[in-house]
Structures are given as structure tokens and as C-alpha cells.
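Visitor: One structure follows; several queries about it will come next.
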Amino acid sequence: ATRGVIFDLDGVLIHTDDLHFQAWSEIAGRLGIPFTREDNDRLRGVSREESLEIILEIGGTQVSETEKSVLADEKNAIYRTLLRGLSAADVEPGVRETLATLRERGLRLAVGSSSRNAKMILERTGLRGWFDAVSDGENIVRSKPDPEVFLRAAEFLALTPAQCAVVEDARAGVEAAVAGGFTAIGIGDAGSHPEVTWRIDTLGEVLERI
Ligand code: B16
Ligand code: MG
């Protein structure tokens, strides 16, 4: 039986897509690379460094490794400035109710996010206290679709992957969950991934699956 639930952060609990988009648009603009919202969708669940590689590829642009690291840092500085505007009001509808019910049912809860800003986002939105563990970009070497971030989350919860369900909005995240041996619940776009165990449209539907 399922004993734990691991939630992706960006796109599931809160939507910072738009803030990532604003920050990457500024960097792409400086490089003269056209960058659209559709391009931004490809960056979901993908690490900062890999996101930059995708943008450079769009522009057919080559820069040195040093320059890449400067650009990634600059993007993060812009993004973090934008994150300062985040508050409890930015938490997706139904999130707190769903977490409360899962806790009442005795499930262990964790966050599994590629972001190295996850803890700051959880603090700012007041969500940190709902989770028994946070596995994020700070404790992994390989980013989604590698299962590492979810495997660490399960470990932190002292559960096996088979005992945990992962809730994801990104295809890379669904792939990571499947590769790790987790039940994969896909919300939104990720729901159409052929390998999802269950597809949901709103977070509250998690309660019908666990
Ligand atoms: P950072 P998630 C991911 O978070 C985002 O979806 C992705 O767009 C971002 O590039 C990645 O975190 C790294 O974020 O630059 O803050 O370290 O969806 O895995 O919660
Ligand atoms: Mg996500």
C-alpha cells in the first residue's frame, strides 16, 4: 500500500513557470535569442544548467563554459529577485486541503524538486511545515529524468519507492518516477505521458488514488 507521497514543487504546488520565463527571457534577450512560452515549457523540471543549454541550442549560440556559468548565475539572481514577491497566496488551489487530508490518513509527505531554490520557495509560501522531508536540487547530482531526486526523497521518508507515489507536472518528472519504481501520478500535460499510472486534472484527485 502507498505510505508516502512525493510532490514536485514547480507546476504542482506552486506555479513559478512565469517567473522562470521572465528571468530566462531577459538572459535570452541579451544573447539575441528568440525565446517563447512554448520554449519555456520545455524547461519544466529540467535543471538550471540544462535549461541554459536548451536556450543556447534554440539560438544556435555557442559560449564558453565560464560564460555559461555566469549566465546561469545571472538568471538565478533575476529569478530570486522575482521570488521575493511570492507569498501564501501563490499556493495552488486545493494544495493545503489535500496535504491536510493525506496527513490525517497517516501518509508521509515529501517534496521532490530539481530546484536549488525549493527551500526558499517553501518558506516564503508557508508550505515547509507540511512536509516530513525535502529532496531538492541541493542534494542531487543528476537531474530529472534521472530518478535520484525521488529516490532521495523516499530515503528521507524511510520508505521504498514501491511504497510512494510521485505527483508530477513534467514529462521529465514522470520519467524519473517510473524509472525509480514509483507510482507516477501525472497532472496537466504530464497526464498524457504514456507511462503515468494515473492522470489527474486537479490536485485534490490525488485523494481518490491513494
Ligand atoms: P532552480 P521542479 C524545476 O523545479 C523547474 O521546473 C525548472 O523549470 C527549473 O529549471 C529547475 O527546477 C531548477 O530550478 O534554477 O531554481 O534551481 O519542477 O522540479 O520543482
Ligand atoms: Mg514541475
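Visitor: Under the condition of being surrounded by fewer than 24 Cβ atoms within 10 Å (Cβ to Cβ) and in contact (Cβ under 8 Å) with a residue 40 or more places away in the chain, which residue from the range 170-186 is farthest from ligand 1 (Cβ to nearest atom)?
Guide: The residue in question is Thr183.
Visitor: Based on what the data block shows, is Asp8 within 20 Å of Leu83 (Cα to Cα), at pLDDT below 95, charged (D, E, K, R) and within 10 Å of ligand 1 (Cβ to nearest atom)?
Guide: no
Visitor: Suppose we keep only residues that are in contact with a Ser or Thr (Cβ under 8 Å, 6 or more places away or on another chain) and among the aromatic types (Phe, Trp, Tyr) within the range 1-39. Which one would you say is surrounded by the fewest Cβ atoms within 10 Å (Cβ to Cβ)?
Guide: Phe35
Visitor: What residue, of Ala89, Ala100, is more than 15 Å from ligand 1 (Cβ to nearest atom), without any contact (Cβ under 8 Å) to a residue 40 or more places away in the chain and within 26 Å of Glu155 (Cα to Cα)?
Guide: Ala100
Visitor: Say whether the condition of being of a type in the set (A, V, I, L, M, F, W, C), more than 16 Å from ligand 2 (Cβ to nearest atom), closer than 20 Å to Arg152 by Cα and in contact (Cβ under 8 Å) with a residue 60 or more places away in the chain is met by at least one residue in the range 109-124.
Guide: yes
Yes/no matrix, rows are residues, columns are (1) within 13 Å of the chain's Cα centre (by Cα); (2) within 20 Å of Leu19 (Cα to Cα):
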{"site": "Ser115", "(1), (2)": "yes, yes"}
{"site": "Gly129", "(1), (2)": "no, no"}
{"site": "Val149", "(1), (2)": "yes, no"}
{"site": "Phe156", "(1), (2)": "no, no"}
{"site": "Ala177", "(1), (2)": "yes, no"}
{"site": "Ile185", "(1), (2)": "no, no"}
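Visitor: Specify the residue that is farthest from Asp189 (Cα to Cα); the eligible residues are those in the range 41-68 that are among the polar types (S, T, N, Q) and either touching a Leu at 6+ places or on another chain (Cβ under 9 Å) or within 16 Å of ligand 2 (Cβ to nearest atom) (or both).
Guide: Residue satisfying both the conditions and the ranking: Gln62.
Visitor: Taking the range 40-55, which residues are buried (at least 19 other Cβ atoms within 10 Å of the Cβ) and outside any loop (DSSP other than H, G, I, E, B)?
Guide: Asn40, Arg48, Ser51, Leu52, Ile55
Visitor: Can you tell me which residues in the range 1-39 are free of Cβ contacts under 8 Å to residues at least 60 places away in the same chain and either part of a loop (DSSP other than H, G, I, E, B) or within 14 Å of ligand 2 (Cβ to nearest atom) (or both)?
Guide: Asp17, Asp18, His20, Phe21, Gly32, Ile33, Pro34, Phe35, Thr36
Visitor: Being small (Gly, Ala, Ser), surrounded by 14 or more Cβ atoms within 10 Å (Cβ to Cβ) and over 18 Å from His20 (Cβ atoms) narrows it down to one of Gly94, Gly60, Gly106, so name that one.
Guide: So the residue among Gly94, Gly60, Gly106 that is small (Gly, Ala, Ser), surrounded by 14 or more Cβ atoms within 10 Å (Cβ to Cβ) and over 18 Å from His20 (Cβ atoms) is Gly94.
Visitor: Can you find a residue in the range 17-40 that is in contact with a Lys or Arg (Cβ under 9 Å, 6 or more places away or on another chain), under 20 Å from Gly85 (Cβ atoms), modelled with pLDDT of 95 or more and of a type in the set (Asp, Glu)?
Guide: Yes, the range 17-40 has at least one match.
Visitor: Inside the range 135-144, can you point out the residues that are more than 11 Å from ligand 1 (Cβ to nearest atom) and either touching a residue at least 12 places away in the same chain (Cβ under 8 Å) or within 13 Å of the chain's Cα centre (by Cα) (or both)?
Guide: Passing the criteria: only Asn139.
The values are calculated or read from the model by the stated rules, or taken from the named source; none is laboratory data. Since the model is a prediction, treat every value here as computed from it, not as a measurement. Using ideal geometry, Cβ is built from the backbone for each residue, glycine included, and neighbour counts are taken over all protein chains shown.
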